[in-house]
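First comes the structure, then the notes that go with it.
The values are calculated or read from the model by the stated rules, or taken from the named source; none is laboratory data. Just so it is clear, the structure is predicted and the values come from calculations on it, not from any experiment. Note that we place each Cβ from the backbone using ideal geometry, even for glycine, and neighbour counts take in every protein chain shown. We work out accessible area using only protein heavy atoms, side chains counted, and drop any ligands, DNA or RNA first. Shrake-Rupley method; radii C 1.70, N 1.55, O 1.52, S 1.80 Å.
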Amino acid sequence: MTRVAILGAGIGREHLAAYRALPDLYSVSVIVDQDAARAERIRAADDFTVLTDVGQALEDPAIDLVDVCLPPHLHVPVTLQALTAGKHVICEKPLATSLADADRLSDAVKRSGKQVFPVFQYRWGPALTQLRALIAAGLTGAPQVAAIETHWKRGADYYATPWRGTWAGEQGGAVLGHAIHNHDLLTHFMGPVETVSAMTTTRVNPIETEDCAAISFRMQNGALCTSSITLGSAMDETRIRMVFENLTATSGTEPYAPGAQPWEFTARRPDDQPKVDRILATLPPEPQGFTGFLNEVAKALANQPNSAVRLDDGRASIELVTAIYDASRRDTHVTLPLAKTHTLYEGWQP
């Protein structure tokens with residue numbers, strides 16, 4: 001049984017729901033929030049202790065795992081403190097806000113012997129289980145092109161939280177805080193990025209950070225991909241289409257769990273469609289979203305075979321964000337990987 005402290009009762013409430021779904025694996029002992037009343041509002045029948053001081057949770061020898069659900073600018077310092085205190089860490093996105101900080105985390109992990117798991121819960125859902133099975137069965141062929149739309153609605157109510165929409169607090173805009181999960185899915189299925197070009201702008205809200213972007217990727221395997229991002233949509237929708245050599249996979253419009261809704265899987269050759277359909281019909285259910293994410297973390301902590309998100313996955317996402325901001329500001333193609341001598345290695349904040 002892994003004993004958990006959740007730091008932050010905002011998005012932390014969704015993490016708590018997932019821990020509740022895995023009672024044989026986790027016990028949430030502590031929730032920390034500066035607003036103790038907010039933590040109490042998510043209690044339900046739980047018996048966790050509510051604290052307002054992060055330090056108290058980190059010093060508690062009974063805590064095995066610290067789940068960081070704090071504003072982005074606190075992710076790295078708190079994760080470093082937790083590792084120093086001998087805790088494993090789950091860290092909400094973004095893992096870090098510079099490649100330099102991502103590398104500091106990597107060094108700290110090596111020193112501590114503990115593990116850090118960046119949160120990319122979009123990877124778990126029935127449709128994504130199906131897509132992985134089709135790839136494993138050799139029915140997709142090579143990636144060809146993909147298109148992602150992260151078209152969400154964010155207005156004054158969202159930005160009423162003072163740190164949002166600021167470089168100091170949120171550390172980035174829609175590229176960092178909203179599309180990062182979809183970009184992780186893109187690289188998870190279509191392969192690592194080789195080059196990126198991008199345009200970013202602020203058109204929807206009176207904020208410091210970008211709320212619209214148009215991005216193009218060339219993957220290392222030659223596939224071409226695009227990402228369209230806006231926070232000015234009339235509704236929250238995510239659309240994903242991945243075209244492989246022998247199959248096209250098309251999502252629904254569920255914004256925050258794109259793998260939860262049924263996808264269309266269409267074989268390029270009609271004779272292959274029955275093979276596709278047979279695989280889709282025989283797959284066992286898999287935990288989705290945060291529950292699926294935490295289920296794999298538990299396996300990793302128990303040294304069992306797993307597909308948990310790793311620190312390297314989180315670093316890759318930060319490298320991609322860095323490249324996108326660089327490409328946009330210099331109006332050029334940016335090639336990955338980025339060297340430590342890169343001008344934005346220490347951070348992309350103006």
Review point. With (1) at pLDDT 95 or above; (2) closer than 20 Å to residue 93 by Cβ as the list, and residue 235 as the residue in question, which single condition is left unmet?
Key: (2)
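Can you find a residue in region 214-237 that is surrounded by 19 or more Cβ atoms within 10 Å (Cβ to Cβ) and farther than 19 Å from residue 178 by Cα? Quick ask: steps written out before the conclusion?
Here is the first cut: in region 214-237, the ones surrounded by 19 or more Cβ atoms within 10 Å (Cβ to Cβ) are 215, 217, 219, 223, 225, 227, 229-231.
Now drop any that are not farther than 19 Å from residue 178 by Cα, which leaves 219, 223.
Yes.
Can we say residue 175 is within 27 Å of residue 288 (Cα to Cα) and part of a helix (DSSP H, G or I)? Spell out how you get there, then give the answer.
Working: within 27 Å of residue 288 (Cα to Cα): yes; part of a helix (DSSP H, G or I): yes.
Against the criterion (within 27 Å of residue 288 (Cα to Cα) and part of a helix (DSSP H, G or I)), residue 175 qualifies.
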Review point. Does region 299-315 hold any residues that are open to solvent by 20 Å² or more (accessible area, probe 1.4 Å) and either assigned to a helix (DSSP H, G or I) or over 19 Å from residue 15 (Cβ atoms) (or both), and which are they?
Key: 299, 301, 302, 303, 304, 305, 311, 312, 313, 315
Practice item. Report, ordered by the first and then the second residue, all pairs with beta carbons closer than 7 Å, sequence separation of six or more or different chains, a first member in region 330-350 that is closer than 18 Å to residue 194 by Cα and open to solvent by 60 Å² or more (accessible area, probe 1.4 Å), and a second member that is modelled with pLDDT of 95 or more and outside any strand (DSSP E or B). Key: 333/327; 337/319
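Just need a number here: residues in region 152-166 that are surrounded by fewer than 20 Cβ atoms within 10 Å (Cβ to Cβ) and in contact with a Ser or Thr (Cβ under 6 Å, 6 or more places away or on another chain). Break it down stepwise before answering.
So the first thing to find is which residues in region 152-166 are surrounded by fewer than 20 Cβ atoms within 10 Å (Cβ to Cβ), and the list is 153, 155-164, 166.
Among the residues that remain, those that are also in contact with a Ser or Thr (Cβ under 6 Å, 6 or more places away or on another chain) are: 153.
Of the residues in region 152-166, 1 are surrounded by fewer than 20 Cβ atoms within 10 Å (Cβ to Cβ) and in contact with a Ser or Thr (Cβ under 6 Å, 6 or more places away or on another chain).
Any residue that is touching a strand residue (DSSP E or B) at 6+ places or on another chain (Cβ under 9 Å) and at positive phi - is there at least one of those in region 128-144? Spell out the reasoning first.
The initial filter retains those residues of region 128-144 that are touching a strand residue (DSSP E or B) at 6+ places or on another chain (Cβ under 9 Å), namely 130-131, 134-135, 139-144.
Add one more test, that the residue is at positive phi, and what stays is 141.
Among the residues of region 128-144, at least one is touching a strand residue (DSSP E or B) at 6+ places or on another chain (Cβ under 9 Å) and at positive phi, which makes the answer yes.
Regarding residue 79, is this residue under 17 Å from the mean Cα position of the chain (by Cα), crowded, with 18+ Cβ neighbours inside 10 Å, outside any helix (DSSP H, G or I) and not charged (D, E, K, R)? Spell out the reasoning first.
Working: under 17 Å from the mean Cα position of the chain (by Cα): yes; crowded, with 18+ Cβ neighbours inside 10 Å: yes; outside any helix (DSSP H, G or I): no; not charged (D, E, K, R): yes.
Taking the combined requirement at face value, the residue does not satisfy it.
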Exercise for review: Select from region 167-180 the residues that are open to solvent by less than 10 Å² (accessible area, probe 1.4 Å) and within 30 Å of residue 248 (Cα to Cα) and list them in ascending order.
Suggested key: 174, 175, 176, 178, 179, 180
Check your understanding: Which condition does residue 201 not pass, out of (1) among the polar types (S, T, N, Q); (2) closer than 17 Å to residue 255 by Cα; (3) open to solvent by 10 Å² or more (accessible area, probe 1.4 Å), if it passes all the others?
Key -> (2)
Revision key, fill the gap. Of (1) open to solvent by 50 Å² or more (accessible area, probe 1.4 Å); (2) more than 30 Å from residue 159 (Cβ to Cβ); (3) modelled with pLDDT of 95 or more, residue 45 fails just (3)
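If I ask for residues that are part of a loop (DSSP other than H, G, I, E, B), of a type in the set (S, T, N, Q) and without any contact (Cβ under 8 Å) to a residue 24 or more places away in the chain, which ones from region 247-269 would you list? Step through it out loud before you land on a result.
Within region 247-269, the subset part of a loop (DSSP other than H, G, I, E, B) is 251-263, 268-269.
In the following step, the residues that additionally are of a type in the set (S, T, N, Q) were identified as 251, 253, 261.
Hit for region 247-269 is 253, nothing else.
When you go through 332, 291, 343, 322 one by one, which is the residue that is within 30 Å of residue 110 (Cα to Cα) and in contact with a Ser or Thr (Cβ under 8 Å, 6 or more places away or on another chain)? Give the derivation first.
Values: 332 fails: within 30 Å of residue 110 (Cα to Cα); 291 fails: in contact with a Ser or Thr (Cβ under 8 Å, 6 or more places away or on another chain); 343 fails: in contact with a Ser or Thr (Cβ under 8 Å, 6 or more places away or on another chain).
Just one listed residue meets the conditions, 322.
Per-residue answers, yes or no, for (1) closer than 17 Å to residue 129 by Cβ; (2) among the aliphatic types (A, V, I, L, M):
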{"position": "231", "(1), (2)": "no, yes"}
{"position": "247", "(1), (2)": "yes, yes"}
{"position": "264", "(1), (2)": "yes, no"}
{"position": "282", "(1), (2)": "yes, no"}
{"position": "328", "(1), (2)": "no, no"}
{"position": "332", "(1), (2)": "no, no"}
Review point. How about region 94-142: which of its residues are touching a residue at least 24 places away in the same chain (Cβ under 8 Å), part of a loop (DSSP other than H, G, I, E, B), over 24 Å from residue 311 (Cβ atoms) and open to solvent by 40 Å² or more (accessible area, probe 1.4 Å)?
Key: 137, 142
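Hey, can you tell me all the residues within region 211-234 that are outside any strand (DSSP E or B) and either in contact (Cβ under 8 Å) with a residue 60 or more places away in the chain or more than 19 Å from residue 255 (Cβ to Cβ) (or both)?
Matches in region 211-234: 220, 221, 222, 223, 231.
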